[in-house]
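Since the structure comes first, as structure tokens, the remarks are kept for the end.
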Amino acid sequence: MDNSFKHIQSAHCENGVITSFLRNSGQDFMTEPLAFGMGSGLFYVHLPFIKLNGGPAISFRTMPGQIFKRTAKSLNIEFESKRFRKELDAQLFLDKRINEGLLVGCQVGVFNLSYFPKEYRFHFNAHNLIVYGKEGDDYLVSDPIMDKVTTLPVETMNRVRFAQGIYAPKGHVYYLKEKVAPISEEVIRKGIIKGVKRNVRDMLSIPGNIAGVKGIVHTSNQIRKWRDKYGVRKTGLYLGQIIRMQEEIGTGGGGFRFIYAAFLEEAAKYFQDGSFLKISDDFTKSGDLWRNSAMKMAGVLRGRNTEQKDLDEIADMMVEIHHVEKKAFLDLKQKIKTY
């Protein structure tokens, strides 16, 4: 067992991988909210022509891998990222990097992760973990959302690294190429502003009506139609899929809004500017509204609230979320013009 590695638990896997990479490289300033904010992780998109586990494909975060890539670039950190066609090539590459003493991030599917509780093992391929060593035929694994380190046999690791379906990882690995030099507060501040600017663009300016704050309204409009279009049972299952994407897996909706609020609190400290705190409060409000909407959706899923008025109430809550997040990002857009 590699006793020099320090496991760090986090709310979200990709944020946690970045935080662990940098903390284990001596960069104690890094936190999960900073990683998420610099990586412009907050997002919303409803992909109307794609189904995930039989339900609507909705994401509350940016594309897998982007948070790590953007955060590293913002901090001028060199990294390597690679995908593979063959399991054996991927295994040999991972073993070589581990033998060099590197921490290696791996994108995996969760369905065959043996240490996951059974109720959380479904077909989702954008989970991230760290491999920090190997003992015999077992990889030493730090999964950021777990409370302690664990192991995975080689066979299982190969299987989860080559899970099939949407976001198929194809053995995707990523790692820091060398020890990270001390990072100045000036670089951190520039990274914060760069991350905010990109998030403002993504949530306010993407064309069409399925992404950003406009995407939230799109989903709201769809929910109003589902009962007549699909019936009560299928509508409940579709809403259950949104709950799962929002509350249980790595696209996390309400939770990501709370993390972004914490990021803006950290921004206020780095810039000695309390106006970031007011905008932070808006994202906390958004997170609360997302959580409340999930509770309403659960009532439909469980057959308690199945009238059209119940779906209209959920849709109205999403319109309110749209207004809250649009205002918050417009305020951020004005705020960063001063820097």
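Side notes on the structure shown:
- The range 284-299, residues that are aliphatic (A, V, I, L, M) and surrounded by 17 or more Cβ atoms within 10 Å (Cβ to Cβ): LEU289, ALA294, MET297
- Among the residues of the range 300-339, the ones that are among the basic types (Lys, Arg), surrounded by fewer than 20 Cβ atoms within 10 Å (Cβ to Cβ) and in contact with a helix residue (DSSP H, G or I) (Cβ under 7 Å, 6 or more places away or on another chain) come to 3 in all.
- Matching option when the condition is touching a residue at least 12 places away in the same chain (Cβ under 8 Å) and open to solvent by less than 40 Å² (accessible area, probe 1.4 Å), among ASP89, ASP143, ASP138: ASP143
- Tallying residues that are of a type outside the set (S, T, N, Q), farther than 25 Å from THR31 by Cα and surrounded by fewer than 19 Cβ atoms within 10 Å (Cβ to Cβ) within the range 98-133 yields 10.
- Lone qualifier among GLN27, GLN66 - being polar (S, T, N, Q), surrounded by fewer than 19 Cβ atoms within 10 Å (Cβ to Cβ) and under 18 Å from the mean Cα position of the chain (by Cα): GLN66
- On inspection, ARG85 qualifies as over 24 Å from the mean Cα position of the chain (by Cα), assigned to a loop (DSSP other than H, G, I, E, B) and within 23 Å of ARG159 (Cβ to Cβ).
- Residue match in the range 36-46 (condition: over 29 Å from ASP282 (Cβ atoms) and open to solvent by 20 Å² or more (accessible area, probe 1.4 Å)): no
- Of all residues in the range 1-24, those being open to solvent by less than 10 Å² (accessible area, probe 1.4 Å), touching an Asp or Glu at 6+ places or on another chain (Cβ under 7 Å) and of a type in the set (Gly, Ala, Ser) number 1.
- Subset of the range 49-63 (residues that are part of a strand (DSSP E or B) and more than 20 Å from the chain's Cα centre (by Cα)): PHE49
- SER205, sole failed condition from (1) farther than 30 Å from LYS118 by Cα; (2) in contact (Cβ under 8 Å) with a residue 24 or more places away in the chain: (2)
The values are calculated or read from the model by the stated rules, or taken from the named source; none is laboratory data. Quick caveat, the model's predicted, so the values are computed rather than measured. Cβ coordinates were reconstructed from backbone atoms using ideal geometry, including for glycine residues, and neighbour counts include every protein chain displayed. The accessibility values were calculated without ligands, DNA or RNA, using every heavy atom of the protein model including side chains. Shrake-Rupley method; radii C 1.70, N 1.55, O 1.52, S 1.80 Å.
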